[in-house]
């Protein structure tokens with residue numbers, strides 16, 4: 001499955017339980033098979049951990065969960081808003097993702 005965002009991109013949540021708060025964050029990982037992404041500070045879940053040798057305390061760990069990639073949009077720092085992306089061919093022949101509104105380049 002092709003996904004419109006990459007690891008390290010700044011995105012804003014546009015659908016789901018974190019959309020009302022307009023949460024923004026960096027993408028930590030991408031699962032292309034299922035079309036899901038993990039965004040920093042979004043969709044926090046509680047994971048109950050048994051005590052192990054590395055974590056003798058055990059307890060409840062809070063971490064980010066996966067969300068569908070269709071629920072996030074790339075965030076443009078110049079527009080200060082979530083934007084759609086188009087492809088542009090540069091002078092050296094490489095492709096780059098650019099903001100539809102202002103033309104800001106995301107792949108640098």
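The values are calculated or read from the model by the stated rules, or taken from the named source; none is laboratory data. Since the model is a prediction, treat every value here as computed from it, not as a measurement. Note: ideal-geometry Cβ built from the backbone for every residue, glycine included; neighbour counts use all protein chains shown.
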message = Filter the stretch 6-17 down to the residues that are surrounded by 13 or more Cβ atoms within 10 Å (Cβ to Cβ) and either on the phi > 0 side of the Ramachandran plot or in contact with a strand residue (DSSP E or B) (Cβ under 6 Å, 6 or more places away or on another chain) (or both) and list them by number.
response = 9, 10, 11, 12, 13, 14, 16
key: Candidates 28, 90 - the one that is touching a strand residue (DSSP E or B) at 6+ places or on another chain (Cβ under 6 Å) and modelled with pLDDT under 95   = 90
request  = Look at the stretch 18-45 and say how many of its residues are touching a residue at least 12 places away in the same chain (Cβ under 8 Å), over 12 Å from the mean Cα position of the chain (by Cα) and either surrounded by 11 or more Cβ atoms within 10 Å (Cβ to Cβ) or within 24 Å of residue 106 (Cβ to Cβ) (or both).
outcome  = 5
ask   = Are any of the residues in the stretch 44-65 closer than 19 Å to residue 2 by Cβ and assigned to a strand (DSSP E or B)?
value = no
inquiry  = Looking at the stretch 61-83, can you tell me whether even one residue there is buried (at least 18 other Cβ atoms within 10 Å of the Cβ), within 25 Å of residue 104 (Cβ to Cβ), in contact (Cβ under 8 Å) with a residue 24 or more places away in the chain and in contact with a helix residue (DSSP H, G or I) (Cβ under 7 Å, 6 or more places away or on another chain)?
reply    = no
